[in-house]
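Student: Mind looking over this structure? Questions follow.
Nothing in this text is a laboratory measurement; each read-out follows from the coordinates by a stated rule. Treat the numbers as computed from the prediction; the structure is a model and nothing was measured. Methodologically, a virtual Cβ is constructed for each residue, glycine included, from the backbone with ideal geometry; neighbour enumeration extends over all protein chains shown.
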Amino acid sequence: MLKKLGFLATALLFAVSLFAQVSYKAYLGGLAAPRMTGVGTATLTYTAGSVYDAGHANSIAASTLTTLGASKTDCSTASIIAGTDACAYIYWPGSGTALAKSNVYGTAAAAGNVVVALVTTDGSSLITAIFPASLALPNAIPRNPEFVTATVATGSSVSLTTNTAANVISISLGAGDWDVSGVVDYTPAATTSITNQTQGISTTSATLGAQDTFSSLTLAAEVPTATPESALTTPVVRLSLTTTTTVYLVTKATFTVSTLKAYGTINARRQK
């Protein structure tokens with residue numbers, strides 16, 4: 001019995017010793033995102049590593065990128081959404097082992113791509129800062145801004161024709177699932193008689209969408225005068241887009257005697 005226990009103890013010590021000698025450091029380079037250097041120079045250098053997309057690891061070979069552009073000084077989310085950004089975007093283009101660069105967010109963040117880093121430069125195209133797009137895996141930077149909104153103010157109202165659909169405003173949304181809604185504000189003339197106001201979300205210009213993508217208010221020939229302005233909301237419409245798509249806030253009103261104008265806001269929140 002003692003001999004058997006001694007044998008088991010020896011085997012256990014051997015196994016522990018063998019396990020202690022196993023090192024996983026050799027695997028870390030291949031699993032980690034590429035590391036980037038080059039601040040103070042015009043060349044971005046990146047190591048080999050992996051870029052993760054939809055749960056898959058894509059191998060990247062060590063290389064360099066140059067000509068990132070001069071005076072790229074604003075990579076903020078607010079500027080990206082507003083379209084006023086000035087940034088060098090480093091991204092994996094969906095295939096191959098090399099990274100690519102672009103000064104246009106929509107190009108770098110197009111469907112199938114993965115944004116890896118944001119880079120700023122000075123007036124001489126020298127790199128001033130490198131910001132990894134995500135400190136966690138998989139890559140957490142959204143391919144498109146999560147919230148998009150656009151507004152037409154009353155001073156830029158759209159003149160309507162009775163019983164004819166018209167665009168109030170539109171936005172461009174990338175691939176993904178979006179919840180889209182809007183508000184249409186109506187400005188009548190003093191003698192305008194309104195019998196219907198319809199407003200909705202549509203992917204076809206100047207065309208109301210399918211059932212439950214619009215709301216409608218029917219009135220008994222109301223003359224609201226020029227002072228009161230009505231603000232009517234659309235339903236929240238879920239759009240599942242496979243490519244970049246223009247989405248419209250559309251109105252259609254029935255009225256007589258005088259004029260009717262419309263302005264308003266369209267909002268979209270990306271769900272995934």
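Student: With a 10 Å Cβ neighbour count serving as the proxy for reagent exposure, in which order, fewest first, do 104, 115 appear? Before the final figure, lay out each step's value.
Tutor: On the way: 104 12, 115 21.
Ranking 104, 115 by Cβ neighbours within 10 Å, fewest first, gives 104, 115.
Student: Can you put 80, 201 in order, fewest other beta carbons within 10 Å first?
Tutor: So the residues, fewest neighbours to most, are 80, 201.
Student: Calculate the FRET efficiency for residue 211 and residue 166 from the Cβ-Cβ distance with a Förster distance of 22 Å, rounded to the nearest 0.05.
Tutor: Values: r = 20 Å, r/R0 = 0.93.
FRET efficiency, residue 211 to residue 166: 0.60.
Student: With charges set only on the Cβ (+1 for Lys and Arg, -1 for Asp and Glu), what does the dipole of the stretch 147-270 come to about its Cα centre, in debye to the nearest 20?
Tutor: Values: 5 positive and 6 negative charges, 37 e Å.
Result for the stretch 147-270 is approximately 180 debye, rounded to the nearest 20.
Student: Okay, next question. Between residue 153 and residue 191, what length comes free when the chain is fully extended (0.36 nm per residue of separation minus the Cα-Cα distance, one decimal in nm)? Walk me through the numbers before you get to the answer.
Tutor: On the way: separation 38, 0.36 × 38 = 13.68 nm, distance 2.28 nm.
My answer for the length gained is 11.4 nm.
Student: Determine which aspartates and glutamates satisfy two conditions relative to residue 72: a Cα distance under 12 Å, and not lying fewer than 8 residues away in the same chain.
Tutor: By straight Cα distance, residue 72 reaches 85, 122.
Student: Which residues does a label at residue 220 reach in the stretch 174-197, if reach means a backbone N under 16 Å from a point 7 Å past the Cα toward the Cβ?
Tutor: Of the residues in the stretch 174-197, 194-196 have backbone N under 16 Å from the label point off residue 220.
Student: Also: Test of understanding: ordering 127, 90 by Cβ neighbours within 10 Å, fewest first, what list do you get? Kindly include the intermediate steps, with their values, before the conclusion.
Tutor: Values: 127 22, 90 25.
The most exposed by this proxy come first: 127, 90.
Student: Let me ask you something else. How much length would be gained if the chain were fully extended between residue 177 and residue 230, taking 0.36 nm per residue of separation minus their Cα-Cα distance, in nm to one decimal? Let's see the in-between values first.
Tutor: Values: separation 53, 0.36 × 53 = 19.08 nm, distance 3.03 nm.
Full extension from residue 177 to residue 230 adds 16.0 nm.
Student: Please work out how much length the chain gains when fully extended from residue 104 to residue 257, using 0.36 nm per residue of separation minus the C-alpha to C-alpha distance, in nm with one decimal. Write out the running numbers ahead of the final one.
Tutor: Working: separation 153, 0.36 × 153 = 55.08 nm, distance 4.85 nm.
Difference between extended and current length: 50.2 nm.
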